[in-house]
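Read the structure below first, then the notes.
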Amino acid sequence: MSTVAEIEAAIDRLPPEDFRTLHDWMAQRAAGMAQQKWSPEELSEGARQMLAEPDPTRAQAQWERTVAGFYGDASA
């Protein structure tokens, strides 16, 4: 079994298109688990993570997760 660090390293090595596919799959999985809006604290933390992310692809993915949390639609 892989450790979290190994999984993160593998995700970091993904080409942008594969990362996007993984992101979409994860968003669909999350949509099935909870379709609720994020709390103000969760929204703030999502925004902080987005702004702190140096990689534009990952920052965009964090933006999309935060927007989905705002609207309560994890599939967005």
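Computed from the coordinates by the stated procedures, all read-outs in this text should not be read as laboratory data. For clarity, every value in this text was computed on a predicted model and none was experimentally measured. As a convention, Cβ positions derive from the backbone with ideal geometry for all residues, glycine included, and neighbour counts pool all protein chains shown.
Counting other beta carbons within 10 Å of each Cβ, put Thr3, Thr57, Thr66 in order, fewest first.
Thr3, Thr57, Thr66
Defining a contact as two alpha carbons under 8 Å apart and six or more residues distant in sequence, what relative contact order in percent does the chain show?
36
Could you check which residue among Ala52, Ala30, Ala61 shows the biggest mean-square fluctuation in a GNM of the chain with a 10 Å Cα cutoff?
In the Gaussian network model the winner is Ala52.
Give me log10 I(q)/I(0) at q = 0.26 Å⁻¹ for segment 15-71, Debye formula, one equal scatterer per alpha-carbon, no solvent.
Log-scaled intensity ratios, in q order: -1.10.
Let's see if you can work this out: charge +1 on each Lys and Arg Cβ, -1 on each Asp and Glu Cβ, no other charges. What is the dipole magnitude of segment 15-71 about its Cα centre, in debye to the nearest 20? List each step's numbers first, then the result.
Numbers: 6 positive and 9 negative charges, 30 e Å.
Rounded to the nearest 20 debye, it is 140 debye.
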